[in-house]
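The structure appears right after this line, and notes come after that.
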Amino acid sequence: MPFHSFTFLFFLGAVLIVYYVLPGVCRRWVLLGANLLFYLYVGWEKLIFLVVTSILVYGCSVFIGKQYERMQHQIDVQGLKGKGKMMLQANYKKKCKGPLIVSIVLIIGVLAYCKYTNMLIDLWNQMRGLVGNKRIDTLKLIVPLGISYYTFSSVGYLLDIYWRKKKYEKNFLNLFVSMSFFPQMVQGPIARYPKLIEQVKELKGFDYQRFCMALQLMLWGYFKKLVIADRISVFVNQVFGNIGYYRGLIFVLALMASAVQLYADFSGCMDIVEGVAELFGIKLDKNFDLPFSSQSTAEFWRRWHVTLGAWFKDYVFFPMSTASWNIKISRFFKQKFGTRAGKTVTSIVPLIVVWLLTGIWHGTGLNYVLWGCYYGGIIIISSIFHPEFKKLTTLLRINTDTAGWKYFCRIRTFLIFCGGRLLTVPGSLINTKLVIKNTLAVWNPWVLVDGTLFGFGLNAPNVWVLLLAIVLLGFVGHLHAKGVKIREWIDTQHIVVRWLIYFTAIFAVLIFGMYGANYHGSEFIYAGY
């Protein structure tokens with residue numbers, strides 16, 4: 001049930017009417033029903049995975065939580081301190097570590113089986129094909145909706161409880177409603193369940209101001225998706241669907257356009273998701289923070305897909321950085337090569353692992369592994385040689401505080417992002433190689449002005465609408481960067497002005513959005529994760 005379909009809008013409208021009309025005690029049950037209906041729309045067999053995962057997460061979290069409560073009660077009653085307290089804590093970890101590891105292995109195992117089995121079969125066939133052996137047929141697998149998102153959230157929830165950072169939820173209904181919350185099932189964000197559970201316990205009824213502000217955010221998301229992303233997709237799909245036909249600068253333009261497309265598509269979906277959640281009085285974690293304003297690749301990935309980066313930081317990077325084996329390696333390098341080498345090595349191995357996992361999470365081909373290495377390499381090199389880069393800018397007398405330098409850094413970061421798109425948009429490394437070859441085959445800057453751009457599925461009016469929409473997107477981002485809170489500003493205007501803005505936005509989406517009888521709208525790019 002895509003968020004940009006009329007089916008979803010009718011579904012959401014019906015759910016909201018029931019949700020607002022019934023008394024507060026019924027809200028969790030209405031939301032539960034909405035979650036189940038939304039998931040059943042894509043198949044009952046996929047819902048089974050979610051239900052079983054929820055039961056496993058609930059059982060493991062309750063077991064760990066109760067073990068900790070018993071330990072704490074025993075410490076308080078007996079007044080234990082020092083060695084006695086440490087022995088009880090060690091016993092707690094010993095009892096809980098087994099169920100925790102089994103649960104996490106099972107949860108991640110299902111994700112790996114559903115997403116990577118056929119990839120391994122393909123790799124096996126390629127290897128066996130070299131010696132003439134028979135191929136293995138790929139499997140018809142059931143891939144549950146949003147499996148990557150609820151898997152990561154579940155693992156984080158269990159680890160937080162084991163590390164005693166958060167308390168476990170005793171009520172299964174609260175946990176299951178949070179795990180199955182339908183707006184976040186398609187593209188995230190990766191939720192922190194304790195935060196979401198607290199809001200599920202206190203679901204809010206209808207509030208006119210919150211309702212209007214949620215619709216504002218949803219309209220902006222639909223504008224990004226239907227007016228910008230889907231319009232760009234016509235051009236990008238035409239170019240990369242016919243790689244052997246085109247030459248020169250067209251591929252550079254298509255790569256840059258695909259970068260904007262991905263941002264408009266993904267951030268647009270996040271705006272819709274956040275808006276839908278706000279209709280129920282739930283505040284989800286922000287997933288984008290003006291990433292194209294970043295002045296470095298590391299900063300870019302702190303602003304892009306924020307919840308994924310935060311998850312890897314909390315549950316992969318930090319645990320590996322503080323692991324005893326990593327500390328030993330760091331000490332060795334510190335003794336042999338100095339303090340700087342020791343500190344650098346501490347972060348290198350965790351960064352390599354994080355970016356390999358990030359690449360595999362984004363896709364199942366070798367090109368995505370190289371994509372992870374590409375970004376990991378840039379960030380690691382930037383970290384290692386940061387003092388040298390700083391000395392170089394001083395030597396060249398570059399004032400890094402000027403607006404010109406900051407804009408240069410932003411453009412550089414955007415081009416690096418486009419370089420990453422070169423590894424993924426063509427679909428394979430063979431196609432990437434062909435794109436590079438055909439790009440360098442001819443120098444044809446005249447395609448920018450000779451009308452060639454109107455021959456890729458978009459006529460002149462569509463191209464101009466797209467350019468104006470991108471300018472508007474950039475202008476809104478600029479205002480946000482300056483601290484202007486646009487939604488709040490609109491909310492303070494006179495009711496006539498406010499609703500004039502609303503209707504203008506609605507008609508802009510209806511008139512300029514890419515849909516209709518002869519147009520098949522594209523799915524959200526991250527919907528398959």
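The values are calculated or read from the model by the stated rules, or taken from the named source; none is laboratory data. What you see is a predicted model, and the numbers here were worked out from it, not measured in a lab. FYI the Cβ positions are ideal-geometry reconstructions off the backbone, even for glycines, and counts take in every protein chain you see. Surface areas here come from the heavy atoms of the whole protein model, side chains and all, with no ligands, DNA or RNA. Shrake-Rupley method; radii C 1.70, N 1.55, O 1.52, S 1.80 Å.
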Practice prompt. Rounding to the nearest 20 debye, state how big the charge dipole of the stretch 188-306 is about its Cα centre with +1 on each Lys and Arg Cβ and -1 on each Asp and Glu Cβ.
Written response: 120 debye
Worksheet item: Amide H to amide H, which residues 5 or more places from PHE288 or on other chains are under 5 Å from it, using H placed in the peptide plane?
Response: VAL306
Worksheet item: Can you list residues whose amide H is under 5 Å from ILE190's amide H, if they're 5+ apart or on another chain and H is modeled 1.01 Å from N?
Response: THR307, LEU308
Fill in: Sequence-distant lysines (8 or more away, or on other chains) whose Cα lies within less than 17 Å of LYS83
LYS93, LYS94
Item to complete: Please state, to two decimals, what the Cα-based radius of gyration of the stretch 199-306 comes to when divided by 2.2 N^0.38 Å (N = residues).
Response: 1.35
Worksheet, complete the sentence: Cα extents of the chain per principal axis, largest first, Å, are 84, 69, 62
Worksheet item: Given Cα pairs under 8 Å that are at least 6 residues apart, what percent is the relative contact order of the stretch 328-472?
Response: 15 percent
Practice prompt. Only Cα pairs under 8 Å and at least 6 apart count here; give the relative contact order of the stretch 148-300 as a rounded whole percent.
Written response: 30 percent
Worksheet item: Taking amide hydrogens as modeled 1.01 Å from N in the peptide plane, which residues meet the under 5 Å criterion relative to LYS166, leaving out close sequence neighbours?
Response: ILE161
Practice prompt. Provide the per-residue ³J(HN,Hα) series for the stretch 242-252, in order, calculated from phi with Karplus coefficients 6.51, -1.76, 1.60 and θ = phi - 60°, each as a whole number of Hz, with x at glycine and proline positions.
Written response: 9, 4, x, 8, 9, 9, x, 5, 4, 5, 4
Worksheet, complete the sentence: For the stretch 394-411, in residue order, the Karplus 3J(HN,Hα) values (coefficients 6.51, -1.76, 1.60; θ = phi - 60°; whole Hz; Gly and Pro = x) are 5, 4, 7, 6, 8, 8, 6, 8, 7, 5, x, 5, 5, 5, 4, 5, 5, 5
Practice prompt. With θ set to phi - 60°, apply the Karplus curve 6.51 cos²θ - 1.76 cosθ + 1.60 along the stretch 148-153 and write out the HN-Hα couplings as whole Hz, x wherever there is a Gly or Pro.
Written response: 5, 6, 6, 5, 4, 4
Worksheet item: Among residues other than SER178 whose Cβ falls under 15 Å from its Cβ, what is the net charge (Lys/Arg +1, Asp/Glu -1)?
Response: +4
Worksheet item: Rolling a 1.4 angstrom probe over the protein heavy atoms, how many square angstrom per residue are accessible across the chain?
Response: 52 Å²
Discussion item. Return the equivalent ellipsoid semi-axes of the stretch 1-64 as a descending list in whole Å, where each equals the square root of 5 times an eigenvalue of the C-alpha gyration tensor.
Written reply: 26, 18, 8
Practice prompt. Give me the accessible area of ILE101, 1.4 Å probe, in Å² rounded to the nearest 10.
Written response: 90 Å²
Practice prompt. Report the relative contact order of the chain, percent, no decimals, based on alpha-carbon pairs under 8 angstrom and at least 6 residues apart.
Written response: 18 percent
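Within the chain, what whole-number % of the accessible surface is contributed by carbon and sulfur, with the 1.4 Å probe and all protein chains included in the calculation? If you can, show how the numbers build up before the last one.
Details: 18370 of 27400 Å².
Accessible surface attributable to carbon and sulfur in the chain totals 67 percent.
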Discussion item. Sorting check: for 352-365, 469-482, which peptide has the highest mean count of neighbouring beta carbons within 10 Å, and how do the rest follow?
Written reply: 352-365, 469-482
